[in-house]
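A.B. asks: Below is the structure I would like to discuss, written out as C-alpha cells.
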Amino acid sequence: MFKKIASLLVIAALLISVSSTALACTTTIVGKDATTDGSVFVSHSDDDELYDQRIIYIPAMDYPPGSQRPVFVENKHYPRYVGSAKGPNYELAGYPETPPIGYIPQVAHTYAYFDANYGIMNEHQLSIGECTDGAKFQPDAQAGKRIMYSTQLSRIALERCTNARDAIKLMGKLIDDYGYFSTGETLLVGDTQEAWVMEICATPDEYPDLWVAKRVPDAEFFVAANEFRIREVDPSDPDIISSKTLFSTCQDLDWWDPEDGSFDWLEAVSYGEYNHPYYSLRRVWRVLDRVAPSKNFSPWVKDGYTKEYPFSVKPDKKLSVRDVMSLHRDHYEGTQFDLTRGIAAGPFGTPNRYIGPYDGSQNDPSKDTKLFGAWERAISIFYCGYAYVLQTRGWLPDPIGGVAWVGLDAPYTTVYVPFYCGALDLPESYQTGDPQKYSKGCAWWAFNFVSNWADLKYSYMKKDILAKQKELEDQEFTMQPVVDKQALALYKKDPQKAREYLTNYGINNANNVVSEWWELAFYLLAKYTDGYVNIPNPATEVGYPKGWLDQVGYKNGPTTYTKPK
C-alpha cells in the first residue's frame, strides 16, 4: 500500500512540474457555405511524435447533485491517462491511476464524445480541432491555481455543450475561473451552423490569462499551423468574443500600447513563428494557395508577423470532405518546396526529413537560438499520430449528421474511416495500443508500419499505397448515403436501434480497413524486399535513378585497376 501511495505522489509531482502536451499540428475549419454539401468541416492532424495514438469512446454519464469533476494533467506519452472517471475505456491494468490536479463542479449529465490527445466530436456534432502556438509566457501547471489546458478545455466543452458559441463561452469562463497553463493554443470549434477560432495565452501569476475567439464567415475557410492567426481585435465586432481584461492586461504587461495603433493579438502575446522561419507560414501559404489559387499568395513574406495571409478566405470552389483530406496529405508536391525532389529526398523521393539535434530549439520559439539550417515543414508529417476531418450535417438528426473521418498515422499513407457521432463505441483496435510496443491488434501499427516501410522505396511503394487507399475510401464514400438512409429509417422508429446500426457499421468497416492494410503491408514486404521489385517477376533489379547516381558519386567508384589521381 505504501509503495502505491508513493508511486502516486511521484506521478502527481511530475505532472504538476511539467507543461502539458505540446503538439505541432495543422488544423482547418470550413464554413457551411464553403462546402459542397452545406456541412461545417473541422480538421486536425495531431503531429505528436509517438505520443498516445488511441481514439477513445467516452460514454454519456449522469452524476448526483454536488458531484465534482476531476481535472487532470495528462502524460505526454502512452498512457496519457489511466482511470475510470471518463468511463471504462481508459481503465488500464498494470498502470497507476492518473491523479487529479484539481476539481470543478460537475453537471448532472455529460454527453458522449470521441477523445484522443484532445476532445474530438460529441454526440451533438460539436467538433473541435487544435494546434499548439508559441506564446510569450508558457507556465507549468499549478494545483489549485493553473489547472486548465486545451486538452481539458476541449473535453469539458464536449461534455457540456451542443453548439460552438456556448463551448467558447464555457472554455473562456474555465480559463478565467481556474487559470491556464502551458503553450499558446488555437482551438477550432464548429457545429452544424457556425465555425469559430479560439486562441489562448497564459500570463504571469498576478494577471488573468487571456483568450479571444473569432467567427469564420460562412462562405470562408481558415487554416492554422502552430502560430496564432487572429490579428486585430475590435471589441465592437459581434463576431469576436474575448476575455474581459484582454486589453488592460496586455497594457499592464507592456505587450501592447494603444498609441501604437489597434490591438494585434498575434503581436501582443507571441514571438511570431514557431521553431524557425516558415515552419508555420509555409503550411499556411500552401493550404491557402491550394484553396484559393486565384489570390496568388506569395510563399515569401517579410517576417513572422506578416499580414499577407488573411484570417480566412473564400475558396475558389466549394470544398468536399475529400478535398480537406487531400490538404492534409500535402508535401508541397509540384512547387519549389517539393519535399519529394532533390538529393535530400534520396534515390526514391521520400518527403520525410527526420529530426535531430541540428534542428536547434525544436518547438520552442521563445529561445533566440541560431540555426545553421532547416527543413521545410510538410503538412503530412511522418510523426503524425492521427488526423481527422469532422463533418457536421444539420439537416440530419445529430447521431447520423456528425461523422468523424479518422486516419491513423501520417495522412498521406493512411485510410480515413468514418465513425458516426451517434455511435455507442469504437473498434477495440482503435482504442488500444502503445507506440513503444508493437501489437498487430493495434490499428495504428498497421498504418505506421506501411508508412515506415514505404520510406525504403517511396516512389515505387506509394503507387501501391495510394491505389489501395483510394479503393477503400471510394467504398466508404459510396456507402455513406446508403448508411445515412438506413440509419434515418431506423431512427424514425427507434433512435437507439439507429445508433446500434451506426456503431456496428463503424466498427465493421474500420476492422475491414485495418485487415486490408495489414494485407497491403505484407504485400509490400514481399514485393520490395532486398531492394528488388519481386512482383510480378522475382528479383527484378531496378537499382537507383541515374540522376541520383550522378549526384552521389557513383561514377567515381572502382571501374579499373588504376589508382585514382
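Values quoted throughout were computed directly from the atomic coordinates according to the rules given, and no laboratory measurement underlies them. Computed from a prediction, not measured in an experiment: that's the story for all the values here. Positions of Cβ are backbone-derived with ideal geometry, glycine not excepted, and every protein chain shown enters the neighbour counts.
A.B. asks: What does the helix-only formula give at 222 nm for the chain: each DSSP H stretch with n ≥ 4 adding -39500 (n - 2.57), the total divided by the residues, and the result rounded to the nearest 500 deg cm²/dmol?
C.D. replies: -9500 deg cm²/dmol
A.B. asks: How many nm separate the modelled label positions at D166 and W375, each set 7 Å beyond the Cα in the direction of the Cβ?
C.D. replies: Taking the simple label geometry, D166 and W375 are separated by 4.4 nm.
A.B. asks: Moving to a separate point now. Counting only residues 5 or more places away or on other chains, whose amide H sits under 5 Å from the amide H of G102 once H atoms are built in the peptide plane?
C.D. replies: Counting only residues 5 or more places away or on other chains, the set is V71.
A.B. asks: What list of ³J(HN,Hα) values in whole Hz, one per residue of segment 533-550 in order, does the Karplus curve 6.51 cos²θ - 1.76 cosθ + 1.60 (θ = phi - 60°) give from phi, with Gly and Pro shown as x?
C.D. replies: With the stated coefficients, segment 533-550 comes to 10, 9, 10, x, 10, x, 6, 6, 7, 10, x, 10, x, 4, x, 6, 4, 5 Hz.
A.B. asks: Further question: Any chance you could check the Cα centroid distance between segment 288-307 and segment 333-353 for me, in angstrom?
C.D. replies: Value for the Cα centre distance between the two parts: 22 Å.
A.B. asks: Treating segment 396-531 as a set of equal point scatterers at the Cα positions, no solvent, please give the Debye-formula log₁₀ I(q)/I(0) at q = 0.14, 0.16, 0.18 Å⁻¹.
C.D. replies: -0.66, -0.81, -0.96
A.B. asks: Would you work out which of S326, V223, F447 lies farthest towards the positive end of the dipole of the chain, given +1 charges on the beta-carbon of Lys and Arg and -1 on that of Asp and Glu, about the Cα centre?
C.D. replies: Farthest towards the positive end: F447.
A.B. asks: Which of the residue pairs K76/K370; K136/K214; K173/K307; K76/K145 have a Cα-Cα distance greater than 25 Å in the structure shown?
C.D. replies: K76/K370; K173/K307
A.B. asks: Follow-up. Report the Cα centroid-to-centroid distance between segment 235-267 and segment 503-565 in angstrom, as an integer.
C.D. replies: So the separation of the two Cα centres works out to 55 Å.
A.B. asks: Taking H as built 1.01 Å from N, whose amide H comes closer than 5 Å to the amide H of D133, not counting residues under 5 places away?
C.D. replies: Under 5 Å from the amide H of D133: G184, E185, T186.
A.B. asks: Rg/Rh for the chain: what does it come to with C-alpha atoms and Rh from Kirkwood?
C.D. replies: 0.98
A.B. asks: Report the gain in length on full extension from Y554 to Y63: 0.36 nm times residue separation, minus Cα-Cα distance, nm rounded to one decimal.
C.D. replies: That pair, Y554 and Y63, stretches by 169.7 nm at full extension.
A.B. asks: Continuing with this model, one more query. Please report, in debye to the nearest 20, how large the charge dipole of the chain is about its Cα centre when each Lys and Arg carries +1 at its beta carbon and each Asp and Glu carries -1 there.
C.D. replies: 1540
A.B. asks: Please list 3J(HN,Hα) in residue order for segment 209-222, calculated via the Karplus relation 6.51 cos²θ - 1.76 cosθ + 1.60 where θ = phi - 60°; whole Hz, with x for glycine and proline.
C.D. replies: Each residue's phi maps through the Karplus curve to give 6, 10, 7, 8, 10, 9, 7, 8, x, 4, 9, 10, 10, 10 Hz.
A.B. asks: In addition: Expressed as a whole number of Å, what is the distance separating the alpha-carbon centroids of segment 315-331 and segment 128-184?
C.D. replies: Cα centres, segment 128-184 to segment 315-331: 29 Å.
A.B. asks: Once you have all Cα-Cα distances for segment 447-514, histogram them in 5 Å bins from zero and send the whole-percent values.
C.D. replies: Going out from 0 Å in 5 Å bins, segment 447-514 shows 3, 15, 19, 17, 13, 10, 9, 7, 5, 3, 0 percent.
A.B. asks: Next question, about the same structure. Once the Cβ-Cβ distance between D425 and D37 is put in as r, and R0 is 22 Å, what FRET efficiency do you end up with, to the nearest 0.05?
C.D. replies: For D425 and D37, the calculated efficiency is 0.25.
A.B. asks: Once you measure Cβ to Cβ distances between cysteines in the chain, which Cys have no partner under 4.7 Å?
C.D. replies: Lone cysteines by the Cβ rule: C161, C201, C250, C384, C421, C442.
A.B. asks: To the nearest 0.05, how large is the calculated FRET efficiency for S439 and D260 if R₀ is 41 Å and r is the Cβ-Cβ distance?
C.D. replies: Calculated value: 0.15.
A.B. asks: Expressed as a rounded percentage, what relative contact order does segment 2-322 have, with Cα pairs under 8 Å and six or more residues apart?
C.D. replies: It comes to 19 percent, rounded to a whole number.
A.B. asks: Hey, what did the chain get for relative contact order, percent, Cα under 8 Å, at least 6 apart?
C.D. replies: Once normalised by length, the contact order is 15 percent.
A.B. asks: Let me ask something else about it. What is the distance, in nm, between label points placed 7 Å from the Cα along the Cα-to-Cβ direction at S326 and at D140?
C.D. replies: 4.7
A.B. asks: Still on this structure, please answer the following. What number, in percent, do you get for the relative contact order of segment 423-507 if the mean sequence gap of Cα pairs under 8 Å and at least 6 apart is divided by its residue count?
C.D. replies: So the answer I get is 37 percent.
A.B. asks: Using the Karplus curve 6.51 cos²θ - 1.76 cosθ + 1.60 with θ = phi - 60°, what ³J(HN,Hα) values do you get for each residue of segment 96-109, in whole Hz, with x for Gly and Pro?
C.D. replies: Ordered by residue, 3J(HN,Hα) equals x, 5, 6, x, x, 9, x, 9, 10, x, 8, 8, 5, 9 Hz.
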